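Note sheet for the following structure.
The values are calculated or read from the model by the stated rules, or taken from the named source; none is laboratory data. Being a predicted model, the structure only gives us computed values, none of them experimental. Reconstructed Cβ throughout: ideal geometry from the backbone, glycine too, with neighbour counts over all protein chains shown. What goes into the accessible areas is simple: the full protein's heavy atoms, side chains included, and nothing from ligands, DNA or RNA. Shrake-Rupley method; radii C 1.70, N 1.55, O 1.52, S 1.80 Å.
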Amino acid sequence: MPQQAWSKKRERQYDHIRDELEDRGRSESEAEEIASRTVNKERARHGESTSHSRTSTEDISSGRRGGLRSHKGSGGRTRDQLYEEARKKGIEGRSKMNKAELERAVGR
């Protein structure tokens, strides 16, 4: 069964995602695969595809999921990153705080 062609909007979305992933150091083939999966999932969520998986339509969107998972890698942000955020927010006593205290102070 032939696939339905992507709209111009989805083509632009694919190009944007692929280029961003390549800029962040992903290989070309890996960036292309991730971009196409992301676009196909968004098409399924918006009813633009003829077939889809349950998770494509019931899971949270790719953009929202990425936002929720940012800064949550092994251990989250580093103490230095938290310190910089505290400095920008003008939190006093930040130089004497440990990582857990900085996390509470910046409110995330």
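For this structure, a couple of remarks:
- Candidate aspartates and glutamates for bridging to K96, where Cα separation is under 16 Å - those fewer than 8 sequence places away on the same chain excluded: D80, E84, E85
- Ranked order, S51, S7 - accessible area, probe 1.4 Å, largest first: S51, S7
- Net +/- balance of residues flanking E48 in space, Cβ distance below 14 Å, scoring K and R +1, D and E -1: +4
- The lysines whose alpha-carbon is closer than 21 Å to the alpha-carbon of K9, local same-chain residues fewer than 8 away aside, are K41.
- Net charge of Cβ neighbours under 11 Å - reference D19; Lys, Arg +1; Asp, Glu -1: -2
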